Amino acid sequence: MTALGVLDWGIGGLDVVAKLRASGMLRPVVYVSDAGAPPYGKQSDAALTARVRALILALTSHGCDEVVIGCNAASTVLPALADLPVGRVLGVIEPGIEATLRAGVGDVVILGGRRTIDSGIYGAALRPRGIAVTEVVAQPLSALVERGVVTGPELESTVEQIVAPVREATAIVSACTHYLAALPALQAALPDLTTVIDPAQALVEQHFSPAPQEAL
């Protein structure tokens, strides 16, 4: 059985691995926690493309014929990596966009890191489909989660500052794998929130969930 590679900056992609296991996937997983590199959201296009390329090639050398990029920031450079000699490289942005369209929301707030928000990739895909999109940089959250701060006054204060301009939001996209660790604080700060779209869960459901069995 070939291995599946999973790549993210830091611990965020461990949530992707947990979702893959919850879906019933039994393949071996080789996980790269690339916290030794500068945060992906702060790297230039060229630097991030080169970094992700090198890591995917390293994963293929460890027997991975398929790679999941759990990071939204890293997923923004996927179009530049189409030539890689690996069976399939999957990012989280496209499944996140498709999940948002399926959710049937009329407006949505994209919470993401600086690179993801600056790319405008979610808004560019969703606005032409009639969805009002507000994009908010929530960069400090990933640093807090990396430090293990997922409850308490520091997290709550940070979340309040981030969502203050969108306090009436009813739907959000968690455009960073780290942010769902702070979901209770987000829910407390967004009293009208009813829909939380998780691109990582959408990726697992789209590409790894078992096909429904036909009735006999």
DSSP loop trypsin sites (Lys or Arg not before Pro) with at most 13 other Cβ within 10 Å: longest gap in the chain
1-146
Could you calculate the contour length gain from SER23 to ASP83, that is, 0.36 nm times the residue separation minus the distance between their Cα atoms, to one decimal place in nm?
18.7 nm
If amide hydrogens are placed 1.01 Å from N in the peptide plane, which non-local residues have theirs closer than 5 Å to the one on VAL173?
VAL109, ILE110, LEU111, ILE197
Local electrostatic count, SER33, Cβ distance below 13 Å [Lys/Arg +1, Asp/Glu -1]:
-4
Taking a probe of 1.4 Å and leaving out DNA, RNA and ligands, the chain shows per residue an accessible area in Å² of 46 Å²
What's the carbon and sulfur percent of the chain's accessible surface, probe 1.4 angstrom, rounded to a whole number?
56 percent
Residue-by-residue Karplus 3J(HN,Hα) for segment 167-182, coefficients 6.51, -1.76, 1.60, Hz, glycine and proline x
4, 8, 4, 10, 9, 10, 10, 7, 8, 6, 5, 6, 5, 5, 5, 9
Cut-off under 5 Å, modelled amide H: who pairs with VAL68 long-range
GLY5, VAL6, LEU7, LEU90
Quick check: Cα centre of segment 6-49 to Cα centre of segment 148-162, how many Å?
23 Å
Compute the acute angle (0 to 90°) between the alpha-carbon long axis of helix 153-163 and the principal axis of greatest extent of the alpha-carbon atoms of the chain; round to the nearest 10°.
80 degrees
Under the Karplus relation 6.51 cos²θ - 1.76 cosθ + 1.60, θ = phi - 60°, what is the ordered set of whole-Hz ³J(HN,Hα) values for segment 40-49, x standing for Gly and Pro?
4, x, 9, 8, 5, 4, 5, 5, 5, 4
Under the Karplus relation 6.51 cos²θ - 1.76 cosθ + 1.60, θ = phi - 60°, what is the ordered set of whole-Hz ³J(HN,Hα) values for segment 50-64, x standing for Gly and Pro?
5, 5, 5, 4, 5, 6, 5, 5, 5, 5, 5, 5, 9, x, 8
Note down the magnitude of the dipole of segment 88-216 about its Cα centre, charges +1 on Lys and Arg C-beta and -1 on Asp and Glu C-beta and zero elsewhere, to the nearest 20 debye.
280 debye
Mind checking the full-extension length gain between ALA47 and ALA35? Use 0.36 nm per residue of separation minus the Cα-Cα distance, one decimal, nm.
2.8 nm
Using 7 Å Cα-to-Cβ label points, what is the ALA54/THR2 separation (nm, one decimal)?
2.5 nm
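The values are calculated or read from the model by the stated rules, or taken from the named source; none is laboratory data. Remember, predicted model here, so these are calculated numbers, not experimental data. Note: ideal-geometry Cβ built from the backbone for every residue, glycine included; neighbour counts use all protein chains shown. SASA here: full protein model, heavy atoms, side chains in, ligands and nucleic acids out. Shrake-Rupley method; radii C 1.70, N 1.55, O 1.52, S 1.80 Å.
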